[in-house]
Amino acid sequence: MDNITRAELWLYITTLLYFLMNGAQIFETFVLVPKWTAAPPDNFPLLLDGHGASLKNFWIVLHSLHEVTFILAIVFCWKIDFARNWLLILFAVHFAVRVWTLAFFAPNIINFQKIAETKIAVEGLAAKVSLWQTLNYVRVAIFIAVSLGLIPLCLKLAGMRH
């Protein structure tokens, strides 16, 4: 029973952090992203530290904290077969999207920031920005789906105590 309580605690913490992260992603996707994508590169200064809404440090801290709690949830749920297996699947999807973020989204934001700083002209910039914005909708939807996948686990684990 004590093991279930710890498993439940870490699962709740990671779920809560995931929903916090989703809220920030939704805000960024529907409030901030439309502002800097509306007129590239004129609105790119919004991406710069100290000049706009650069959220680099926020995302680094939140993602790092969340991934630690996600791993702890897996560790504490390890002996609970249904929870372990489902968490491993959700973490694999989450990890794949994080890799995609680091391979595509982050380098592009860095390039957009460089454009804002240097004012260099880039061919096909509007198409690159549009692709980034469209794929970001997909990325956020996947993150939301993963977090929603945690809810049945929370409910089933809570039901094991009773």
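The values are calculated or read from the model by the stated rules, or taken from the named source; none is laboratory data. This structure is a prediction, so every number in the text was calculated from the model and none was measured. Reconstructed Cβ throughout: ideal geometry from the backbone, glycine too, with neighbour counts over all protein chains shown. For the accessible areas, the whole protein counts, side chains as well, though only heavy atoms, and no ligand, DNA or RNA atoms are used. Shrake-Rupley method; radii C 1.70, N 1.55, O 1.52, S 1.80 Å.
Observations
- Residues that are touching a helix residue (DSSP H, G or I) at 6+ places or on another chain (Cβ under 8 Å) and modelled with pLDDT of 95 or more were ranked within segment 116-135; the one that is most open to solvent (accessible area, probe 1.4 Å) is K128.
- Cross-chain or 6+ apart pairs with Cβ under 8 Å, segment 16-34 first and without any contact (Cβ under 8 Å) to a residue 24 or more places away in the chain, then open to solvent by 50 Å² or more (accessible area, probe 1.4 Å): L32/L46; L32/L55
- Residue match in segment 71-93 (condition: under 30 Å from L48 (Cα atoms) and either among the charged types (D, E, K, R) or in contact with a Gly (Cβ under 7 Å, 6 or more places away or on another chain) (or both)): no
- Residue in segment 75-97 that is in a helix (DSSP H, G or I), open to solvent by less than 40 Å² (accessible area, probe 1.4 Å), under 30 Å from A38 (Cβ atoms) and of a type in the set (A, V, I, L, M) present: yes
- Yes/no for V138 being modelled with pLDDT of 95 or more, of a type in the set (A, V, I, L, M, F, W, C), buried (at least 16 other Cβ atoms within 10 Å of the Cβ) and in a helix (DSSP H, G or I): no
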